[in-house]
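Where a number appears in this text, it was derived from the coordinates with a stated rule and is not lab data. Just so it is clear, the model here is predicted, and its values are computed rather than measured. Cβ placement follows ideal geometry from the backbone for every residue including glycine, while neighbour counts extend to all protein chains displayed.
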Amino acid sequence: MDSYIDIKFVNLISPQLQQFKKKGDFLWNFRCPYCGDSQKSRTKARGFVFRKENDLFYKCHNCGVGANLGGLLKHVDSKTYNDYIFERYKKGV
């Protein structure tokens with residue numbers, strides 16, 4: 001994992017994620033882009049990006065969707081995903 005690249009791309013998609021908050025080192029929280037979280041409460045945010053070993057992963061504690069960072073980027077913004085893949089390829093990651 002090249003943490004600089006991964007963190008850069010989490011921050012790039014953050015404006016597209018509702019209720020986005022950085023909770024700690026390698027931990028971010030926001031509304032799930034897959035299920036949208038609660039329809040009754042707009043403040044619930046149960047989607048998390050977190051570090052596991054040397055990679056970043058996404059997990060929603062509402063709908064149960066899980067993905068690596070690339071999968072989340074692909075779902076949220078395909079152009080950003082393409083840039084992410086290109087940058088990882090340039091760095092040899």
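Shown here: Cα extents along the principal axes in Å, derived from the displayed model; of the candidates [x] 46, 29, 20; [y] 44, 26, 20; [z] 56, 34, 30, it corresponds to [y].
If the only charges are +1 at each Lys and Arg Cβ and -1 at each Asp and Glu Cβ, what is the size of the charge dipole of the chain around the Cα centre, to the nearest 20 debye? Show your work: numbers first, answer last.
Numbers: 17 positive and 9 negative charges, 79 e Å.
The calculation lands at about 380 debye.
Rounded to the nearest 500, the 222 nm mean residue ellipticity of the chain from helices alone is -10500 deg cm²/dmol, with -39,500 (n - 2.57) taken per DSSP H run of at least 4 residues. Measuring between alpha carbons in the structure, the pairs from Lys8/Lys52; Lys40/Lys74; Lys22/Lys52 lying more than 20 angstrom apart are Lys40/Lys74.
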